[in-house]
1. For segment 89-178, give me every one of the helices (runs of 4 or more DSSP H) that falls completely inside it and has 3 or more residues that are over 30 Å from Tyr23 (Cβ atoms).
2. Specify the residue that is farthest from Cys99 (Cα to Cα); the eligible residues are those in segment 1-42 that are in contact with a Pro (Cβ under 9 Å, 6 or more places away or on another chain) and not hydrophobic (A, V, I, L, M, F, W, C).
3. Within the group Tyr110, Tyr114, Tyr140, which residue is closer than 30 Å to Lys41 by Cα and either aromatic (Phe, Trp, Tyr) or free of Cβ contacts under 8 Å to residues at least 24 places away in the same chain (or both)?
4. Could you identify the single residue in Asp74, Asp68, Asp9 that is outside the structural domain of Ser135 (by TED's automatic domain parsing), in a helix (DSSP H, G or I) and modelled with pLDDT of 80 or more?
5. Taking segment 105-140 on its own, how many of its residues are of a type in the set (Phe, Trp, Tyr) and closer than 22 Å to Phe159 by Cβ?
6. So which residues in segment 323-347 are in contact with a Cys (Cβ under 7 Å, 6 or more places away or on another chain) and either assigned to a loop (DSSP other than H, G, I, E, B) or modelled with pLDDT under 85 (or both), if there are any at all?
7. Would you confirm, using the coordinates I've provided, whether Ser210 is part of a loop (DSSP other than H, G, I, E, B), without any contact (Cβ under 8 Å) to a residue 12 or more places away in the chain and not assigned by TED's automatic domain parsing to the domain that holds Asn37?
8. Is there any pair with a first residue in segment 320-336 that is under 22 Å from Val277 (Cβ atoms) and a second that is small (Gly, Ala, Ser) and assigned to a strand (DSSP E or B) whose Cβ atoms are under 9 Å apart and which are 6 or more apart or on different chains, and what are they?
Amino acid sequence: MKNYYQILDLEPTATPEQIKVQYRFLSHAWHPDKFPNREQKVKAEEKIKEINEAYSVLSDPTKREAYDSTLHNDSASSGQTLHSRPSPNSAEAQSKQICESCGLPSDTKYIEFYENIGLIIFRQHKSIKGHLCKSCINYYFWSLTGKTMLFGWWGVISFIVTPFILLNNIWTFIFTSGMKKNLFHITPDPSPFWVFSTIGGFLVSGFIFSIFLLSILSSFFTQPTYSPPPTTAPIPTRISRPTATTTHALPPPTPACLKWDEVTPQMEGQVVCVYGVVLDHIENIDSITGAIGQTYFYFGRKDQFFLTSLYLWNPTEGICISETGLIQLNTYEVPYIKIEGDLDSCP
């Protein structure tokens, strides 16, 4: 004889209201449309027939009374006791896992999900805690995290709290990734909108964080370097020079003199003795009067230290000269010394 109390998972002392609630729950949980697999669908249809049969007897007081009498006699003659649910402290009850959200038997894990919605001045928050099955965990994670990702930033307190809530939710969800779903479930699937909001929000946050991290690392490892700009000295037309004359015999520069390539823009305003071998000198000629405007003496590239004079000198290429004067900078911050008198030669 079938035990209708076992089929509906009820105590023999269950009230009519308890029978009705349990029937609605089981009929919804075992509805054949929830099972895409053909074999599972057939089993669900058989289970629904048993549930309907049990409910039709136990929901009718007259039929239930007659059924209880027959069930009691059968149990007494066979030496069996009537079905009763295990006590909460029994080993059977402790080994049976029930989802605290949907109420279905399933593998469960204890989780804590949070939701935060910023309201500028105030904020609205809630939490989901308990032992839940995988279907309920998926539903609450995507729903609560998606809403927090979209609406959790609007307020000072919310802006501070929201990152911690998102990290807690994603860490808890990763921790439950090894759980398996039930063959059937009554929990609705999460909305695609909240799924998109969650995934999109984490991608945008990761992109912003990576840009911020790269900027910090680049500023830490990159050191500024000085690159002297090109000189503004014009390249004039050369003219014929007078024949070479004897230069003034002057003593060589003292050890205090600096070589021309040791002069830096940071020496601006200092009086320094500089020496070096002239590689090139150029005269700037006025295009109208033909008069010599200025002479430039270069020891290396045009964007490095040079001497300048208002006088025309004899050919000086390959000759070592020294000059003591005030270090100045041109428009492009190239150091130079303006010669006021005669050139000083050196070995």
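1. Here the list reads 134-151, 156-175.
2. Pro16
3. The conditions single out Tyr140.
4. Every option except Asp68 fails the conditions.
5. Number satisfying all stated conditions: 3.
6. Ser345, Cys346, Pro347
7. No; evaluated as a whole, the condition is false for this residue.
8. Between residues of segment 320-336 that are under 22 Å from Val277 (Cβ atoms) and residues that are small (Gly, Ala, Ser) and assigned to a strand (DSSP E or B), the close pairs are Cys320/Gly276; Cys320/Ser345; Ile321/Gly276; Ile321/Ser345; Ser322/Gly276; Ser322/Ser345.
The values are calculated or read from the model by the stated rules, or taken from the named source; none is laboratory data. Note that the coordinates shown come from a computational prediction; the quantities given were computed from them, not determined experimentally. Neighbour counts are summed over all protein chains in view; Cβ atoms, including those assigned to glycine, are modelled from backbone coordinates with ideal geometry.
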